[in-house]
1. Could we say that residue 40 is outside the structural domain of residue 118 (by TED's automatic domain parsing) and either farther than 28 Å from residue 131 by Cα or loosely packed, with under 15 Cβ neighbours inside 10 Å (or both) here?
2. Which numbered condition trips up residue 234, out of (1) modelled with pLDDT under 95; (2) over 16 Å from the mean Cα position of the chain (by Cα)?
3. Among the strands (runs of 3 or more DSSP E) lying completely within the stretch 140-239, list those that include at least 3 residues that are closer than 28 Å to residue 78 by Cβ and not hydroxyl-bearing (Ser, Thr, Tyr).
4. Would you confirm whether any residue within the stretch 79-91 is in contact with a Phe, Trp or Tyr (Cβ under 6 Å, 6 or more places away or on another chain) and either over 17 Å from residue 205 (Cβ atoms) or surrounded by 15 or more Cβ atoms within 10 Å (Cβ to Cβ) (or both)?
5. Here are some conditions: (1) surrounded by 16 or more Cβ atoms within 10 Å (Cβ to Cβ); (2) within 23 Å of residue 98 (Cβ to Cβ); (3) in contact (Cβ under 8 Å) with a residue 40 or more places away in the chain. Residue 197 meets all but one. Which one does it not meet?
6. Which pairs turn up if I take residues in the stretch 60-88 that are more than 27 Å from residue 130 (Cβ to Cβ) and without any contact (Cβ under 8 Å) to a residue 24 or more places away in the chain and look for partners that are of a type in the set (Phe, Trp, Tyr) and surrounded by 17 or more Cβ atoms within 10 Å (Cβ to Cβ) with beta carbon separation below 7 Å, at least 6 apart in sequence or on another chain?
7. Of everything in the stretch 136-174, what is aromatic (Phe, Trp, Tyr) and over 13 Å from the mean Cα position of the chain (by Cα)? Give them in sequence order.
Amino acid sequence: MSTLTRLKKRTEVAEGTMAFYFERPTGFDFLAGQFMDLTLISPPETDEEGNTRSFSIASAPYEDDLMVATRMRNTAFKRVLKNLAFGSEIQIEGPFGNLVLHKDNARPAVFLTGGIGITPFRSIALQSTKERSPHHLWMFYSNRRPEDAAFLDELIKLQTENRNFRLVTTMTNAADSRLPWKGETGFVDKQMLSRYLGELAGHIYYIAGPPAMVDAMTKLLSDAGLKAAEIRSEEFIGY
């Protein structure tokens, strides 16, 4: 589905990370975890990458607006998006993608994510909570510092609303934070996963984040004996 929408608002959801909220066109239905393409209309500047980018839909299907979130790097596309006047039209196309929750609720879902890779999993976690899904959900969320972790407070609170949802947050550079941190530190590894999950077998794994993280987590799980069908992934490349 290709259609026009309008920018409603934008907010900072972590240091250097902004969420953009768009009107949800009538009939635009999607599954939690899917993505869409955003195309700027006659932007004042552009670059060799063009005027279209793909974004995971960070909002849940039950929410009124369409929301995406992104790190605000200094590129033409993001400069235009950051300065777009409220009410401006933008073209969207989608939804696309298969990074959606599996149907067998006897098998827990384990989300392995870092940085802005959290966006599809925010959608899945909120939608599962809203629907009172029987799926058991584990989310391992890695960032450099608490200041860099988008939606962190919301996800912590979600654990009190959904007994089947467990968040494990780790910081790889907590010493540089201005905020106190008493949670996990270091990168997600086999030891950390085993400490919480026990046996790694029996779960369905979802990986989203920078390419290096996706590659590392995929190798970790493959080396642990997980089959390709039990590992689902999506890379988030900076632009």
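The values are calculated or read from the model by the stated rules, or taken from the named source; none is laboratory data. Predicted model, so just to flag it, every value in this text is computed and none were measured. Because the Cβ atoms are built from the backbone with ideal geometry, glycine has one as well, and the counts that use them run over all protein chains shown.
1. Working: outside the structural domain of residue 118 (by TED's automatic domain parsing): yes; either farther than 28 Å from residue 131 by Cα or loosely packed, with under 15 Cβ neighbours inside 10 Å (or both): yes.
Taking the combined requirement at face value, the residue satisfies it.
2. Result: residue 234 fails condition (2) only.
3. Per the criteria, 204-209, 231-235.
4. The answer is no, given that none of the residues of the stretch 79-91 is in contact with a Phe, Trp or Tyr (Cβ under 6 Å, 6 or more places away or on another chain) and either over 17 Å from residue 205 (Cβ atoms) or surrounded by 15 or more Cβ atoms within 10 Å (Cβ to Cβ) (or both).
5. (2)
6. Close Cβ pairs satisfying both conditions: none exist.
7. The answer is 138, 165.
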